[in-house]
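Peer 1: Sharing a structure with you now.
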Ligand SMILES: [Zn+2]
Ligand SMILES: [Zn+2]
């Protein structure tokens, strides 16, 4: 079955300056998305809140060193939006107490 709907939908999105968030895979206006690294094309954009959630997941799994680098292009994540940076910092502060406890437990069980 030909997938004409998908193709025309993508054209429509492009025409309206919409891009897809690579984390939640939903399309949104480019001005609502950020491109924090050197990834190109369809994986270039993420929502700030999706990125915060992704970083939360990394924190919870103890992979905190991954917080600052893209897993795909290995570039250091570049966050120029001050608002996002503040949100992430506040988020980190909020998480810190439980995170420190988790990390202590993780450090005991993991050997790098
Ligand atoms: Zn998203
Ligand atoms: Zn990347």
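Laboratory data are not the source of any read-out in this text; all were calculated from the coordinates shown. Keep in mind the model is a prediction, meaning the values are calculated, not measured. In this analysis, Cβ positions are derived from the backbone assuming ideal geometry, glycine residues included, and neighbour counts consider all displayed protein chains.
Peer 1: If neighbour count is taken as other Cβ atoms inside 10 Å, put 31, 60, 26 in order from fewest to most.
Peer 2: Ascending number of Cβ neighbours within 10 Å: 31, 26, 60.
Peer 1: Tell me, 42, 27 in order of fewest to most beta-carbon neighbours within 10 Å?
Peer 2: Ascending Cβ contact count within 10 Å gives the list 42, 27.
Peer 1: Using a Förster distance of 25 Å, how high is the FRET efficiency between residue 68 and residue 43, based on the Cβ-Cβ distance and rounded to 0.05?
Peer 2: 0.85
Peer 1: Here is a further query. Between residue 26 and residue 56, what is the label-to-label distance in nm when each label sits 7 Å out along the Cα-to-Cβ direction?
Peer 2: The modelled label-to-label distance comes out at 1.4 nm.
Peer 1: I need 34, 43 ordered by Cβ neighbour count within 10 Å, fewest first.
Peer 2: Ranked by crowding around the Cβ, least crowded first: 43, 34.
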